[in-house]
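The values are calculated or read from the model by the stated rules, or taken from the named source; none is laboratory data. Since we're looking at a predicted model, the values are computed, not measured. Quick reminder, even Gly has a Cβ in these numbers, built from the backbone with ideal geometry, and neighbours come from all protein chains shown.
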Amino acid sequence: MDKLLFQLKMRGGLTAGDLAGSLGVSAQAVRERLARLAEEGLVEHRDEARGIGRPKRVWHLSREAWKRFPDTHADLSVSLIEAIRGSLGEDALDRLIGHRERETELRYAEALSACETLDRKVAALAGLRDREGYMAEWRPAEDGDGFLLIENHCPIYVAARACQGFCRAEMEVFARVLGPDCTVERTEHLLAGARRCAYRIRPA
């Protein structure tokens with residue numbers, strides 16, 4: 001995976017200077033690489049106001065670049081979803097999602113069972129999601145009100161777009177495994193046009 005594309009995936013819109021600092025190379029080298037990636041249709045830029053002075057050229061991944069990141073069995077998943085929906089109905093699809101939800105909850109609950117504080121639970125959950133391909137990270141909320149769980153990639157994006165029950169089920173699993181002493185709110189949603197999914201987790 002191209003390190004520059006990885007940085008844009010993890011951190012969102014960045015200038016050539018931002019990327020140069022992260023990668024430890026010259027801004028000129030980054031600009032040359034960005035130009036090549038733009039020719040391939042993998043990155044695009046917008047001029048954005050950032051503080052005082054002239055607008056900055058900020059680079060973003062294109063939709064085409066998203067295909068460079070793994071989407072687990074995308075075509076097969078959508079075909080199965082449509083087959084179940086068409087042959088057995090929406091209720092059967094809901095039961096399938098429910099079965100996946102219960103299995104995921106059991107696995108997550110076991111992994112979080114030794115965590116005594118909310119921050120440790122969020123950290124453990126982020127680790128699980130990261131290993132599953134969600135490029136997940138967590139941090140305290142900037143305003144001090146709880147924590148943020150951020151997923152910079154969705155390995156089931158195509159399937160989730162075909163059936164949003166997957167998104168609903170995952171959020172419900174998060175709420176249950178983190179426990180009744182907190183609330184979980186989705187603040188960014190890939191399917192709603194955001195570049196990632198993010199959740200704010202607050203003590204109840």
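Some values worked out for this structure:
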item	result
Test: residue in region 132-153 that is assigned by TED's automatic domain parsing to the domain that holds LEU80, part of a helix (DSSP H, G or I) and basic (Lys, Arg)	no
Helices (runs of 4 or more DSSP H) fully within region 1-83 counting 2 or more residues that are more than 19 Å from the chain's Cα centre (by Cα) and in contact (Cβ under 8 Å) with a residue 40 or more places away in the chain	16-23
Test: residue in region 74-90 that is modelled with pLDDT of 80 or more, under 30 Å from LEU14 (Cα atoms) and among the β-branched types (Val, Ile, Thr)	no
Residue within region 193-202 that is buried (at least 20 other Cβ atoms within 10 Å of the Cβ) and more than 19 Å from GLY12 (Cα to Cα) present	yes
Hey, ALA124 of a type in the set (Gly, Ala, Ser), part of a helix (DSSP H, G or I), surrounded by 14 or more Cβ atoms within 10 Å (Cβ to Cβ) and free of Cβ contacts under 8 Å to residues at least 60 places away in the same chain or not	yes
Condition met for ARG129 (surrounded by fewer than 18 Cβ atoms within 10 Å (Cβ to Cβ) and assigned by TED's automatic domain parsing to the domain that holds HIS189)	no
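Residues checked against (1) without any contact (Cβ under 8 Å) to a residue 24 or more places away in the chain; (2) in contact with a strand residue (DSSP E or B) (Cβ under 7 Å, 6 or more places away or on another chain); (3) of a type in the set (Ser, Thr, Tyr); (4) farther than 24 Å from GLN7 by Cβ:
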position: ARG161; (1), (2), (3), (4): no, no, no, yes
position: MET171; (1), (2), (3), (4): no, yes, no, yes
position: LEU191; (1), (2), (3), (4): no, no, no, no
position: ALA194; (1), (2), (3), (4): yes, yes, no, no
